[in-house]
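Values in this text are rule-based calculations from the coordinates and carry no lab data. Treat the numbers as computed from the prediction; the structure is a model and nothing was measured. With ideal geometry, Cβ positions are generated from the backbone for all residues, glycine too; neighbour counts draw on all protein chains shown.
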Amino acid sequence: RNYYGGNWASFSFSGLLSWIKENQQKPDLSDECEDWRKLILEDEEAIPLSRKDKTIQHVEDFCFGDQDSAEGVEEAGALPKPPVFGAPGAEGVSPGPEPERIPGAELPGAADGDGAGTASGSEGSPGESTPELGHTRAAPSEIPAQEPKKITYSQIVREGRRFNIDLVSKLLFSRGLLIDLLIKSNVSRYAEFKNATRVLAFREGKVEQVPCSRADVFNSRQLTMVEKRMLMKFLTFCLDYEEHPEEYQGRHQGTFAQFLQTRKLTPSLQHFILHSIAMVSETECTTLEGLQATKKFLQCLGRYGNTPFLFPLYGQGEIPQCFCRLCAVFGGIYCLRHAVRCLVLDRASGRCKAIVDHFGQRISASYFIVEDSYLSESTCTDVCYRQISRAVLITDQSVLNTDSEQQVSVLAVPPLEPGSAAVRVVELCSSTMTCMRDTYLVHLTCPSTKTAREDLEPVVQKLFNLNAEKETENEELEKPRVLWAVYFNMRDSSGVERNSYGGLPSNVYVCSGPDSALGNDCAVKQAETIFREMFPTEEFCPPPPNPEDIIYDEDEVEPEESELSNSAETKPDSSAEEGSAGGGAGGTKEE
């Protein structure tokens, strides 16, 4: 690939169009040179790797405006992303309006969700007690709602560099594993974050805001006073449900939806809790799973803002690049446009000893980590994959207009018909640095049952106006207008067991692509598991040392180097003697 992050990547608009074209074309692999096979010795065996990424299918894109008007229009240079690696002045600098940071918070760079001030929340370590529900922020400055401006396709193309469009749509739980890892490893200094400002629900054909905190509940106009008391009582129970097993005893095997019915909650409260707070399946989620999900949501409230979620500025694709940045500081090498043809297996030991790249170069290492998409079909014959349905829309206004235009919203749409899946919608405003001004970037995600378009288009039609012209019914006029859309299916390899991959040596580790969950816990657990298998006595992602605390081995410093000025660049000594080659990155990392 010629970009970072695999299926975790983010693209500008023109970059996404190139990615779409690449995945819609059928590659011609017939003339591929296989000279690398001559490099395999008699006592070795080659495990060929896939030459084409097959994790993306059914890619369909649509322009709902005048596409011809964009002929000859070039992408203007505007709002470039910060450099991937630590260039001078790269840290903490954002072109355009700079988001404000949370004073004294553990996660540097968490910015207020509405762009109007700093977010207040409880401070303290990740392991502290659950914060109260009542942590709130000052209301954003009011901006009068206006008629959405007419945005043309040529404007989108011209302002394409203002878009940072994620292939996978995720948010960070404020007390999730990824936030804890970013803080512990100090990788958080390379990124900035924005609070998700509201959680929405789709009920009876309308989008409405879900009260999350204690203040939200009692300020809500859509709940009666009785409902407010019922909701607060139930949420308080969920925070320490383990201490009251009698409340759910005998209902372990029932669904969470059935358990909610026994709590004498009104239908609207059941809907809010099931779809917007716990965010679980109505038919598949057990009572215990639902209580755990609700507790996790509540525990994340108040740490950085009024919702449990953070979003990285410039998109989810910044997170892999931040870790690459720290890796590079300590000598890691990330090779783009560098294909790996095969793994080289030593027949005697049964271990992988090297890789062969497309230059015919052998690269030896002790450990090999390969992303699932690089494995050939012959290796994955017994693997059964799930699929994720994805859609990305560019729209002209929010699904729920308020006084503030700068909203980051999370919306759960229940299944529209039996057998279909609930759809998660994440709507991003321009202050997230993911879209141009006067537009919104909308991500839709659900587990696949059909093609992405078949799964998601019914929800798109419910929430948005797909007509290019505005000569429609009044109901359609109230909906946001879709300017451009893409649908695609993405492979979900997160649940595949290692023994499903046939014939892989013990020192070859497989990591999956993104899963369909809203958070990132699966990826963090997988990374830590692989690391501990390779280095059981080492700490996973320890805090990097301060430069002044690094002690250098005298034998490694040449006498003449000691006479140089203090500005001479030195390299930290690594305690690990083993090297590793990252097949998923198509390159090597040697410590």
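Quick one: Cα centre-to-centre distance for the range 330-355 and the range 496-529, in angstrom?
18
Write out the GluC sites (Glu not before Pro) in the range 194-296 meeting two conditions: DSSP loop, and at most 16 other Cβ atoms within 10 Å of their Cβ.
Sites meeting the loop and neighbour criteria: Glu204, Glu284.
Once you list every other residue whose beta carbon is under 13 Å from the beta carbon of Arg532, what net charge do they have if Lys and Arg are +1 and Asp and Glu are -1?
-3
Of the listed pairs Lys26/Lys462; Lys264/Lys479; Lys21/Lys170, which have alpha-carbon separations greater than 27 Å here? All intermediate terms of the calculation are to be shown ahead of the outcome.
Numbers: Lys26/Lys462 34 Å; Lys264/Lys479 34 Å; Lys21/Lys170 24 Å.
Where the Cα-Cα span goes over 27 Å, the pairs concerned are Lys26/Lys462; Lys264/Lys479.
Using modelled backbone amide H atoms (1.01 Å from N, in-plane), which distant-in-sequence or interchain residues come within less than 5 Å of Met436's amide H?
Under 5 Å from the amide H of Met436 lies no amide H from a residue far enough along the sequence or on another chain.
Does the range 307-393 come out rounded, prolate or oblate by the C-alpha gyration tensor, with a ≥ b ≥ c the root eigenvalues, rounded set by a/c under 1.5 and, if not, prolate when a/b is larger than b/c and oblate if not?
Because a/c hits 1.5 or more and a/b fails to exceed b/c, the range 307-393 counts as oblate.
Let me check against my output: what whole-number percent is the relative contact order of the range 213-300, with C-alpha pairs under 8 Å and at least 6 apart?
In percent, rounded to a whole number, it is 32.
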